[in-house]
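Peer 1: Can you keep this structure in mind? I'll have questions shortly.
Bear in mind these aren't lab numbers, they're just calculated from the coordinates by the rules spelled out. All values reported here derive from a predicted model rather than from experimental measurement. Glycine also receives a Cβ, built like all others from the backbone with ideal geometry; neighbour counts cover every protein chain displayed.
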Amino acid sequence: MIVKIYLVILVFFLNFSFGSEADEILYKTLERFKGIDRHFTIEIIEQKNGKKKYKKFLSWTHWDMDNIKKERVLMIKPDRLKNVNFWSYSINGDIKKWMTMPKIGKLKEVRGNFSKKDEFDFSELELKKENIENHLNSIIGSDIVNYRDTYIIENKKLNKKGEVRLIKKIWIDKKDYIIHKAVYINRKGKVIKEIYLSDLLMVNNYPILSTIQVVDFKKNKEVSILFSDISFDKIVDVDMFIPRSLK
């Protein structure tokens, strides 16, 4: 009896220990660029049912003295969105958003996502704090991806009954805590999305995977994302982060 109790305690301790370590790894991934200004150009090609959508935009991120994360996106393509700006301020988990309306350039506050329901939303690729705190996380193995050693983290989303709603398997670099790969699995055990990152670059001593491939089996589409003109220099022109009408 004592042996059984000991084994139960040992298993609990090991699960708690691995869970805590998995949480720590995810937090290091989440906070990797916290406080660091950045700028890059992004091109997105979305393919669905034989049709292609192409987007190109410039993106800036700045952290001000009050630790407020300010972001701005300037659209280049498609033509119907050319020169449209998007701004967002992240303050202690709260996000405020604005955009300029196509053609007329009038400023509008946005509630919800910038993207339409069926369009690719860049936030799908982001690791958020609530994705760590409200999920069951564990290290389930290790692997070599992009010639780098990675942890395989299992991230389980549970419902109120404690049943699994969604499982994410995330391959995270053991040295630099960048995400190399992610697989989404639904409650029936079916893979519904796969994300692969590649083409490692070193920018200001930061390792960056500059190409992302997304295969969304649920929505029957593929998305290719390419980063270029990457910079981690401090952004001096902070006025560019003030939301304003263009006309």
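Peer 1: Across region 194-205, in residue order, what do the Karplus-derived ³J(HN,Hα) couplings come to in whole Hz, using 6.51 cos²θ - 1.76 cosθ + 1.60 with θ = phi - 60° and x for Gly and Pro?
Peer 2: With the stated coefficients, region 194-205 comes to 10, 10, 10, 10, 8, 6, 5, 10, 10, 10, 6, 6 Hz.
Peer 1: Considering the Cα trace of the chain, what is its radius of gyration and what is Dmax, both in angstroms?
Peer 2: 20.3, 78
Peer 1: Can you tell me the dipole magnitude for the chain around its Cα centre, using point charges on the Cβ only (Lys, Arg +1; Asp, Glu -1), in Debye to the nearest 20?
Peer 2: Working: 48 positive and 34 negative charges, 288 e Å.
Roughly 1380 debye for the chain.
Peer 1: Toward the positive end of the charge dipole of the chain, about the Cα centre and with charges on Cβ (Lys, Arg +1; Asp, Glu -1), which of 132, 45, 236 goes farthest?
Peer 2: Working it through, the farthest residue towards the positive pole turns out to be 45.
Peer 1: What Kirkwood radius, in Å to one decimal, follows from the Cα pairs of region 85-223? Let's see the in-between values first.
Peer 2: Values: mean 1/r = 0.0577 Å⁻¹.
Here the Kirkwood hydrodynamic radius works out to 17.3 Å.
Peer 1: As I understand it, the dipole of the chain uses +1 on the Cβ of Lys and Arg and -1 on the Cβ of Asp and Glu, about the Cα centre. Which of 104, 59, 182 lies farthest toward its positive end?
Peer 2: Of 104, 59, 182, it is 104.
Peer 1: What full-extension length gain, to one decimal in nm, is calculated for residue 80 and residue 129 as 0.36 nm per residue of separation minus the Cα-Cα distance? Can you show the working numbers first?
Peer 2: Working: separation 49, 0.36 × 49 = 17.64 nm, distance 3.42 nm.
Contour length minus the Cα-Cα distance gives 14.2 nm.
Peer 1: At what distance in nm do the modelled label points of residue 43 and residue 246 sit from each other, each positioned 7 Å from its Cα along Cα→Cβ?
Peer 2: It is 2.1 nm.
Peer 1: Show the residues, 5+ positions off or on another chain, whose built amide H is closer than 5 Å to the amide H of residue 166.
Peer 2: Under 5 Å from the amide H of residue 166 lie the amide H atoms of 157, each far enough along the sequence or on another chain.
Peer 1: Which links in 28/103; 129/190; 77/218; 55/234; 129/219 stretch past 30 Å when you go from one Cα to the other?
Peer 2: Values: 28/103 41 Å; 129/190 25 Å; 77/218 26 Å; 55/234 26 Å; 129/219 26 Å.
Going by Cα-Cα distance, 28/103 fall outside the 30 Å limit.
Peer 1: Now for a different question. So what's the angle, to the nearest 10 degrees on a 0 to 90 scale, between helix 2-30 and the longest Cα principal axis of the chain?
Peer 2: That works out to roughly 10 degrees.
Peer 1: Here's something else I'd like to know. Could you check the spin-label model distance between residue 53 and residue 192? Points 7 Å from the Cα along Cα→Cβ, value in nm.
Peer 2: For the pair residue 53/residue 192, the computed spacing is 1.9 nm.
Peer 1: Could you give the dipole magnitude of region 120-247 about its Cα centre, charging the beta-carbon of Lys and Arg +1 and that of Asp and Glu -1, in debye to the nearest 20? Let's see the in-between values first.
Peer 2: Numbers: 23 positive and 19 negative charges, 190 e Å.
Roughly 920 debye, rounded to the nearest 20.
Peer 1: Something else about it: Going by amide H atoms built from the backbone, whose H comes under 5 Å of the H on residue 178, apart from near neighbours?
Peer 2: The list, which skips near neighbours in sequence, is 173.
Peer 1: D for region 118-197, whole µm²/s, Stokes-Einstein with Kirkwood Rh over alpha-carbon pairs at 20 °C and 1.002 mPa s: what number? Display every interim value, and only then the final one.
Peer 2: On the way: Rh = 13.4 Å.
Estimated via Stokes-Einstein, D reaches 160 µm²/s.
Peer 1: P(r) for region 179-246, please, calculated from all Cα pair distances in 5 Å bins and given in %.
Peer 2: Here the calculated profile for region 179-246 is 4, 13, 17, 14, 13, 12, 13, 10, 4, 1.
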